[in-house]
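Engineer: Next up is a structure, given as structure tokens.
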Amino acid sequence: MTLKRFLLLLTLLAMTTVACAETDQQLPAPIQALKSRGIQVVGPFQTPGGVTGYAGFANQQPVAMYLTADGEHVIVGAMLDAQGNPVNQDTVEDMIAEPMTKRVWGQLENSTWVADGQDDAKHTFYVFSDPNCPYCHLFWERIRPWVNNGTVQLRHVLVGIIGEDSPNKAAAILTADNPEQAFVENEQRFSNGGITPQQDIPEKTHGQLMTNLMLMRQFGLRGTPGIAYRDDQGHVQFWRGVPKKEEIIKVLGQS
């Protein structure tokens with residue numbers, strides 16, 4: 001790492017720390033403690049029972065937090081009424097939908113990806129893909145009609161986890177003069193072994209692949225393909241694995 005990059009990293013870290021500190025000072029200590037453990041706190045909401053509710057999310061899942069009246073304790077989980085029905089569930093989900101989508105979509109946009117389809121397509125899918133993944137290849141084939149007619153652009157967020165040479169194949173795609181063409185080459189030759197692996201992976205490319213993998217894990221995706229898209233309300237949704245054709249039609253319409 002160069003001195004310039006190191007100093008930039010320190011500056012960004014300091015800015016982030018200050019921003020978090022300013023936000024945390026406005027939160028009760030128990031809520032701050034949960035935030036420090038990875039829960040993204042959105043804000044408070046009104047709730048019955050003499051407690052103050054806070055909405056948040058972790059791994060793209062809603063989290064309801066209830067601060068006790070003394071402000072010293074917090075209960076995490078579902079609140080039920082006298083009939084055993086959940087209270088505040090819709091409130092929490094509505095509160096987190098927009099900030100969660102903004103955060104997740106922003107992270108995906110800033111990841112390292114290879115485009116597949118027209119830039120002006122109505123829909124965008126981010127696909128965590130491994131060059132050796134047969135299920136990724138199956139999805140690539142299944143989604144072709146919608147890509148070819150301009151309905152959706154796929155943005156393949158490459159990782160290398162399936163085979164020993166997966167990172168080398170991913171690097172061959174990312175460092176190619178035309179990554180989009182190299183990606184298609186890998187898919188078209190998939191049954192014959194795909195693209196020729198790159199022997200040595202550049203440090204920058206290795207870092208990009210590791211960052212993509214960390215992002216995939218952060219989203220709670222344990223295998224490929226993992227597919228992110230936005231629904232009719234603009235909220236981010238995930239497919240874990242290859243969606244059925246009926247599921248694709250539900251989102252994109254008939255091809």
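The values are calculated or read from the model by the stated rules, or taken from the named source; none is laboratory data. The structure presented is a predicted model; accordingly, all values stated were derived computationally and were not measured. Ideal geometry is used to build each Cβ from the backbone, glycine not excepted, and the neighbour counts take in all protein chains shown.
Engineer: Hey, among VAL63, VAL127, which residue is under 19 Å from the mean Cα position of the chain (by Cα), in the same structural domain as GLY223 (by TED's automatic domain parsing) and either in contact (Cβ under 8 Å) with a residue 12 or more places away in the chain or assigned to a loop (DSSP other than H, G, I, E, B) (or both)? First the steps, then the outcome.
Structural biologist: Details: VAL63 fails: in the same structural domain as GLY223 (by TED's automatic domain parsing).
Answer to the selection: VAL127.
Engineer: Return only the number of the condition from (1) among the hydroxyl-bearing types (Ser, Thr, Tyr); (2) within 19 Å of PHE238 (Cα to Cα); (3) out of contact with any strand residue (DSSP E or B) (no Cβ under 9 Å at 6 or more places or on another chain) that THR101 does not satisfy.
Structural biologist: (3)
Engineer: On to the next question. For the stretch 180-197, which positions are assigned to a loop (DSSP other than H, G, I, E, B) and without any contact (Cβ under 8 Å) to a residue 24 or more places away in the chain? Before you say what the answer is, go through the steps one by one.
Structural biologist: Of the residues in the stretch 180-197, the ones assigned to a loop (DSSP other than H, G, I, E, B) are 189, 193-197.
Hits for the stretch 180-197 are ARG189, GLY193.
Engineer: Then there's this: Which of the residues belonging to the stretch 130-143 are closer than 24 Å to ASP177 by Cβ and either assigned to a helix (DSSP H, G or I) or not assigned by TED's automatic domain parsing to the domain that holds THR211 (or both)?
Structural biologist: CYS136, HIS137, TRP140 - these are the residues of the stretch 130-143 that are closer than 24 Å to ASP177 by Cβ and either assigned to a helix (DSSP H, G or I) or not assigned by TED's automatic domain parsing to the domain that holds THR211 (or both).
Engineer: Can you find, within the stretch 220-255, the residue that is farthest from the chain's Cα centre (by Cα) among those that are at pLDDT 95 or above, assigned to a strand (DSSP E or B) and among the aliphatic types (A, V, I, L, M)?
Structural biologist: Out of the qualifying residues, it is ILE227.
Engineer: Here is a follow-up. For the stretch 160-179, state whether one or more residues are of a type in the set (Val, Ile, Thr), within 9 Å of PRO131 (Cβ to Cβ) and assigned to a loop (DSSP other than H, G, I, E, B).
Structural biologist: From the stretch 160-179, those of a type in the set (Val, Ile, Thr) are 161-162, 173, 175; that's our starting set.
Subset that is within 9 Å of PRO131 (Cβ to Cβ): 162, 173.
So of that shortlist, the ones also assigned to a loop (DSSP other than H, G, I, E, B) come out as 162.
Yes; the residues of the stretch 160-179 include at least one that is of a type in the set (Val, Ile, Thr), within 9 Å of PRO131 (Cβ to Cβ) and assigned to a loop (DSSP other than H, G, I, E, B).
Engineer: Just one of the numbered conditions (1) in a loop (DSSP other than H, G, I, E, B); (2) modelled with pLDDT under 95 is not true of ARG217; which one?
Structural biologist: Here ARG217 clears every test but (1).
Engineer: Report every pair of residues separated by at least 6 positions or lying on different chains whose Cβ atoms are under 8 Å apart, first residue within the stretch 150-171 and in contact (Cβ under 8 Å) with a residue 40 or more places away in the chain, second in a loop (DSSP other than H, G, I, E, B) and β-branched (Val, Ile, Thr).
Structural biologist: VAL152/ILE143; VAL157/THR112; LEU158/THR112; VAL159/THR224; ILE161/THR224; ILE162/THR224; PRO167/ILE201; ALA170/VAL159
Engineer: Can you name every residue in the stretch 82-111 that is farther than 22 Å from TYR229 by Cβ, in contact with a Phe, Trp or Tyr (Cβ under 9 Å, 6 or more places away or on another chain) and either without any contact (Cβ under 8 Å) to a residue 24 or more places away in the chain or in a helix (DSSP H, G or I) (or both)?
Structural biologist: In the first step, residues of the stretch 82-111 are kept if they are farther than 22 Å from TYR229 by Cβ; the result is 82-92.
So of that shortlist, the ones also in contact with a Phe, Trp or Tyr (Cβ under 9 Å, 6 or more places away or on another chain) come out as 88, 91-92.
Once the filter is applied, which keeps residues that are farther than 22 Å from TYR229 by Cβ, in contact with a Phe, Trp or Tyr (Cβ under 9 Å, 6 or more places away or on another chain) and either without any contact (Cβ under 8 Å) to a residue 24 or more places away in the chain or in a helix (DSSP H, G or I) (or both), the stretch 82-111 yields THR91, VAL92.
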